[in-house]
Amino acid sequence: MTTTTRIERHHYDVVVIGAGGAGLRAAIEARLAGRKTAIISKSLFGKAHTVMAEGGAAAAMGNVNSRDNWQVHFRDTMRGGKFLNNFRMAELHAKESPQRIWELETYGALFDRTKDGKISQRNFGGHEYPRLAHVGDRTGLELIRTLQQKIVSLQQEDKRDLGDYEARIKVFSETTITELLLDGDRIAGAFGYYRESGEFVLFEAPAVVLATGGVGRSYKVTSNSWEYTGDGHALALRAGATLINMEFLQFHPTGMVWPPSVKGILVTESVRGDGGVLKNSEGKRFMFDYVPDVFRKQYADNEAEADRWYADPDNNRRPPELLPRDEVARAINSEVKAGRGTPAGGVYLDIASRKSADEIRRRLPSMYHQFKELADVDITKEPMEVGPTCHYVMGGVEVDPDSGAAAGTVRGLFAAGEVSGGMHGSNRLGGNSLSDLLVFGKRAGGHAASYTEQLASRPRVSISAVEAAVETALAPLQRDTGESPYTLQQDLQAVMGDLVGIIRRQGELEDALRRLAELRERVAKVSASGGRRYNPGWHLALDLRNMLVVSECTAMAALERQESRGGHTREDFPAMDPKWRRVNLVCALDGDTVRLTHKPLPKMRPELVGLFDRAELAKYLTDEELAEFDALTEEER
Amino acid sequence: MGDNGSPAGKPGAKRRFRIWRGDENGGDLRDYTVEVNEGEVVLDVIHRLQATDAPDLACRWNCKAGKCGSCSMEINGKPRLSCMTRMSTFTEDETVTVTPLRTFPVIRDLVTDVSFNYEKARETPAFAPPEGVAPGDYRMQQVDVERSQEFRKCIECFLCQNVCHVIRDHEENKPAFSGPRYFIRAAELDMHPLDARTDRREYAQAEQGLGFCNITKCCTEVCPEHIKITDNAIIPMKERVVDRRYDPLVWLGSKIFRRGQEPQSTAGSAGKESVVHSGVRQVGVHSHGGGSGDPSAEVQAQKGVNWHREVPHPTAPAVDASGKLPLTELTFDRAAAPSPFGDDVTFPLPPEHLNFAHPSQDEKH
């Protein structure tokens, strides 16, 4: 065994794991609070998956339609999440996102503008008013680059004041954390390795912010990058924190299905927001057949009205192509299953016949570019071929809404962004993730900083824990009898894609759990060939156990929740059940085994319930809750 | 759509690859035969190799959609993003050779140490927010932000840095040269309508080594985001720096007034500088490529400088039959780069040949 004394050690106040939007925003906040902060990035600095976000960042600034405000945004978010959201998170998000966006401008961001020089806002699925601040269709890139450059500017300040760029904030790029280390119930540090050299590194820190993103690599068809192996989810579980809502995965309705090399890659919703329509192989604009009752009031039932909406949104209902993502994904899935799909198993997304070539190139530059370069398809001339792709996990670390502190038995652990759960309920609205990153990234970073301040003593890392972490990390390299990590990943993806996909059934979910149990045995014996220097096989072998435990949580929760809601559709329980709305499914680790418990949802404050009309609430709430609501409105009178 | 894919890769066809394997101590090209399916890109093939013959083949990638700029490598000698290099661009019997970026030190296989770029990023002064403008009160016009937005499209793939001959094979230039990526960063901030710093161009010249660049346009040619690095960032930055440095009036002004009070481009005014006063009937003789043999220019020179002459609009560079810019380091007939101004031009140019419209004179006009 490697002696632990030779491991490189660093001391920080706050360690942020993940260098996407949430991680960088958290790090900025911790550094501004005067804490010595480390950012751990699995890839190079500035490559995080946030760059893939296209549409924009939702914030009720009211620049385009002055009737927009936080209450409307809150309503849309709750509606989109089918009322399963943590209401307090949705409230904070709606209230604070405009400030977070404006703040980015002071960091140097250049959003597209309205005529009067304000930040332009665009329409997006599920949002009542134009709300998404955007930069063409590369908003995620703008966001990550802006935060990256803000961190550089803070480093320049430190260089000026303290003589060293890295005096108070340092980015450890291409570094993976494999274990969180505890002192009793308090976070004491994080252990990991440099991908480049394979050398281990130990961070001693009393506070850790998880901002590791999602879990999509457990699926065959996904828009997510290799980094999305559920590291943060698994680290949190192993440290004693809990996960909620893991059954809810968002399948983005419009991923590319052709050519195969780019299967899964997203076609932004803005294509639909800007007039693109979905057609089946018979040329029919089929979305009108799939407007659920709860949305009848907001969505048009005929093409004429839908088409008028783009120019006159105040007097017409929205086109059904702009329904929330889960609805559109299910509709496409149904069309394909009914035999009306394209040869590659998708449907057509047509903007070519609806907008001029010039306008398409101007409004959707990177879409145009992406299709031209990757698929040799000219979207100004022919329709795109799209289908659902695994895109986002709503579930994640259960957190305190105000501080981002992880629930469960651990202290000093915070989470923000996709790795945290609750904010989006059962389904996330497009555009809400970028603002989520900023709002809760800032909160988690700030609260992690103040947590370290009130600590009486610094937690200590135990040598035995480090030794155990070293042993676990080296194990795949020392075995040569096990299977290849690539084979295991493919098998895991097959189980999740086939049995825990968009449409779920009890029998298949039970089967999935059996197969995951088998995979657990095989993953425990995985072996990686080659050395420690930049060895992707070894890296994957270490990621596999994270992917596996998170997949188990998803499958168990999906089996438990006997209803269909948002990103969880059960063929055997096709309807939403108000009783299930009151329940969050919480996963924790008991030794090595995932334990699932029911936990009641926090009760929404009366003034927030009052933002909805009774007819709408009736679709989601139990009779008992409705009676309470009636009593409340009675009182007000 | 499903049927218009390229026929180059029939399902399961075996193709030959040569991939550089090794580390900082050396390495060699290894031959692989690998299955290639229709519609795949080079990165797919590398992934297949990892899953089969070469599980420890090191390669960076993230988004696989040409948006993150991680998978830069040299494919058949050309710097490319492997996720955007379709296999259908090669003939079926062609061996595809994949090597790491040459300008940066190899870590292992196709992964190089690109920390040079992050160091240069850290040296480039950050955005300076305008004083007294509260968050939420920023007002800019779309037309003004668009110029900087072009440069903010950059995905930091560092292909421009890799191909730039100033540092490719010239390790000794690295300390003094930031490279095209950071020239466009400086240009972006220079053109930012609300950036409070006014010395971006001087900085580019003095600290970033802008003067090393002799506009061979290799960076523009390899940019996967099609940013016109040379035409829209480097040349305007160079010209304005030249204005400041060589224009006698500005030089005199900078001696009389304190430095920093000279006419500067301020918020929103950057666009005005290139305004051509069309009412003026002066025959424009300015040309980067022209020598000093033009008689009308000589006459003009005798009369003194006319600030209101018509200057030519920037034009797109000519491309060759394959749609590429004609100049590349790889095909040029001599070592090192040619003068971008033509071999017959000597410097300094006579003042009347400079592409400059004097701001204060223009105002009076």
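Since every read-out is calculated from the coordinates, none of them should be taken as a lab result. Only a predicted model underlies this, so the values are computations on that prediction, with no experimental measurement involved. Backbone-built Cβ (ideal geometry, glycine too); neighbour counts: all protein chains shown.
Take every residue in peptide B:48-56, count the Cβ atoms of other chains within 10 Å of its Cβ, and give the average of those counts.
Values: counts 1, 0, 6, 8, 2, 0, 4, 12, 12.
Mean partner shielding for this stretch: 5.
Positive end of the charge dipole of the stretch A:411-465 (Lys, Arg +1 and Asp, Glu -1 on Cβ, about the Cα centre): tell me which of A:413, A:440, A:452 has its Cα farthest that way.
So the residue we want is A:452.
What shape does the stretch A:246-404 take by its C-alpha gyration tensor, where a ≥ b ≥ c are the square roots of the eigenvalues and a/c under 1.5 counts as rounded, a/b above b/c as prolate, and the rest as oblate?
Details: a/c = 1.39, a/b = 1.12, b/c = 1.24.
Cα axes put the stretch A:246-404 in the rounded bin.
From the phi angles alone, apply the Karplus equation (6.51, -1.76, 1.60; θ = phi - 60°) to the stretch A:353-364 and give each ³J(HN,Hα) in whole Hz, x where the residue is Gly or Pro.
Using θ = phi - 60°, the values come out as 7, 10, 9, 6, 4, 4, 5, 4, 5, 6, 7, 10 Hz.
Where does helix A:21-32 land angle-wise versus the long Cα axis of chain A, in degrees 0 to 90, nearest 10?
Approximately 60 degrees, to the nearest 10.
Once phi is turned into θ = phi - 60°, what whole-Hz ³J(HN,Hα) does the Karplus curve with 6.51, -1.76 and 1.60 give for every residue of the stretch A:400-409, x standing for Gly and Pro?
Along the stretch A:400-409, the couplings run 6, x, 7, 10, x, 6, 5, 7, x, 9 Hz.
Using alpha-carbon positions, what is the distance between the centroids of the stretch A:1-59 and the stretch B:199-236, in Å?
The stretch A:1-59 and the stretch B:199-236 have Cα centres spaced 31 Å from each other.
For the residue pair residue A:517 and residue B:321, what label-to-label distance in nm results when each label sits 7 Å from Cα along the Cα-to-beta-carbon direction?
Those two pseudo-labels are separated by 6.9 nm.
Per residue of A:142-153, how many C-beta atoms from partner chains lie within 10 Å of its own C-beta, taken as a mean?
If you average over the peptide's residues, the count of other-chain Cβ atoms is 3.
How do B:20, A:102 rank when sorted from fewest to most other Cβ atoms within 10 Å of their own Cβ?
Details: B:20 17, A:102 20.
Ranking B:20, A:102 by Cβ neighbours within 10 Å, fewest first, gives B:20, A:102.
Arrange the peptides A:366-373, A:89-96, A:203-210 so that the one whose residues have, on average, the most other Cβ atoms within 10 Å appears first. Provide the component values of the computation, followed by the final result.
Numbers: A:366-373: 20.8, A:89-96: 22.9, A:203-210: 28.6.
Packing order, densest peptide first, comes out as A:203-210, A:89-96, A:366-373.
Quote the charge dipole size of the protein assembly as shown about the Cα centre in Debye, to the nearest 20; the model charges only the Cβ of Lys and Arg (+1) and of Asp and Glu (-1).
Numbers: 128 positive and 143 negative charges, 125 e Å.
For the protein assembly as shown, the charge dipole is close to 600 debye.
Rounded if a/c is under 1.5, else prolate if a/b beats b/c, else oblate: with a ≥ b ≥ c from the C-alpha gyration tensor eigenvalues square-rooted, which is the stretch A:533-586? Provide the component values of the computation, followed by the final result.
Details: a/c = 4.30, a/b = 3.29, b/c = 1.30.
Prolate, because a/c is 1.5 or more and a/b exceeds b/c.
Report, as an integer, the average count of C-beta atoms from other chains found within 10 Å of each Cβ along A:262-269. The partial results should precede the final answer.
Working: counts 9, 1, 2, 6, 3, 0, 0, 0.
That works out to 3 on average.
Report the semi-axes of the equivalent ellipsoid for the stretch B:13-111 in whole Å, largest first, where each axis is √(5λ) for an eigenvalue λ of the Cα gyration tensor.
On the way: eigenvalues 74, 49, 32 Å².
They are 19, 16, 13 Å, listed from largest to smallest.
Positive end of the dipole of chain A, charges at C-beta (+1 Lys, Arg; -1 Asp, Glu), about the Cα centre: which of A:472, A:147, A:396 has its Cα farthest in that direction?
It is A:147, whose Cα lies furthest towards the positive end.
If neighbour count is taken as other Cβ atoms inside 10 Å, put A:556, A:394 in order from fewest to most.
Details: A:556 22, A:394 27.
Listed from fewest to most nearby Cβ atoms, that is A:556, A:394.
How high is the relative contact order of the stretch A:168-264, given as a whole-number percent (alpha carbon pairs under 8 Å, six or more residues apart)?
Numbers: 120 pairs, mean separation 17.2, N = 97.
Result for the stretch A:168-264 is 18 percent.
Taking θ = phi - 60°, what integer Hz values does the Karplus form 6.51 cos²θ - 1.76 cosθ + 1.60 yield along the stretch A:180-193, in sequence order, with x for Gly and Pro?
My calculation for the stretch A:180-193 gives 9, 10, 10, 10, x, 9, 9, 5, 10, x, 9, 10, x, 9 Hz in order.
Please report the relative contact order for chain A, taking Cα pairs under 8 Å with a sequence separation of at least 6, and give it as a percent rounded to a whole number. Could you put the intermediate results ahead of the total?
Details: 1465 pairs, mean separation 128.1, N = 637.
Across chain A, relative contact order equals 20 percent.
Indicate the gyration tensor shape class of the stretch A:412-568 (rounded, prolate or oblate), computed on the Cα atoms with a ≥ b ≥ c the square roots of the eigenvalues: a/c under 1.5 is rounded; otherwise a/b larger than b/c is prolate and the rest oblate. Working shown, then result.
Numbers: a/c = 2.11, a/b = 1.05, b/c = 2.02.
The shape class here is oblate.
What is the fewest-to-most order of B:150, A:327 by other Cβ atoms lying within 10 Å of their Cβ?
Neighbour counts put them in this order, fewest first: B:150, A:327.
Which are the unpartnered cysteines of chain A, meaning those with no other cysteine Cβ under 4.7 Å from their Cβ?
If one checks each Cβ against the other cysteines of chain A, A:390 turn up with nothing under 4.7 Å.
Taking 7 Å along the Cα-to-C-beta vector as the label spot, tell me the residue A:592-residue B:212 distance in nanometres, rounded to one decimal.
Using points 7 Å along Cα→Cβ, the separation is 5.5 nm.
Using the basic label-point model (7 angstrom from Cα toward the beta carbon), what is the residue A:338 to residue A:498 distance in nanometres?
Between residue A:338 and residue A:498, the simple spin-label model gives 2.8 nm.
With everything on Cα atoms, drop me the angle between helix A:485-499 and the longest principal axis of chain A, reported from 0 to 90° to the nearest 10.
Orientation of helix A:485-499: about 30 degrees from the principal axis.
Compute the separation of the alpha-carbon centres of the stretch A:390-426 and the stretch A:155-207 and state it in Å as a whole number.
22
Can you tell me which of B:115-127, A:606-618 comes out highest on packing, and rank the rest after it, using the mean Cβ neighbours within 10 Å? Show your work: numbers first, answer last.
On the way: B:115-127: 18.5, A:606-618: 13.8.
Going by the mean number of other Cβ atoms within 10 Å, highest first, we get B:115-127, A:606-618.
How large, in Å, is the stretch B:133-173 by the Kirkwood hydrodynamic radius built from its alpha-carbon pairs?
Values: mean 1/r = 0.0747 Å⁻¹.
Value: 13.4 Å, from the Cα pair sum.
Over all distinct alpha-carbon pairs, what is the Kirkwood Rh of the protein assembly as shown in angstrom? Don't skip to the end; give the middle numbers.
Values: mean 1/r = 0.0335 Å⁻¹.
Over the protein assembly as shown, the inverse of the mean reciprocal pair distance is 29.8 Å.
List, in the order given, every pair from A:47/A:220; A:118/B:228; A:95/A:579; A:279/A:442 whose Cα-Cα distance in the structure shown is over 32 Å. Could the numbers behind the result be given before it?
Numbers: A:47/A:220 22 Å; A:118/B:228 27 Å; A:95/A:579 29 Å; A:279/A:442 41 Å.
Cα-Cα > 32 Å for A:279/A:442; rest within.
Relative contact order for the stretch B:13-111 using alpha-carbon pairs under 8 Å, separation at least 6, rounded to a whole percent?
Values: 181 pairs, mean separation 34.6, N = 99.
So the answer I get is 35 percent.
Residue B:143 to residue A:617: FRET efficiency via 1/(1 + (r/R0)^6), r the Cβ-Cβ distance, R0 45 Å, to the nearest 0.05? Before the final figure, lay out the partial values.
Details: r = 47 Å, r/R0 = 1.03.
Efficiency, rounded to the nearest 0.05: 0.45.
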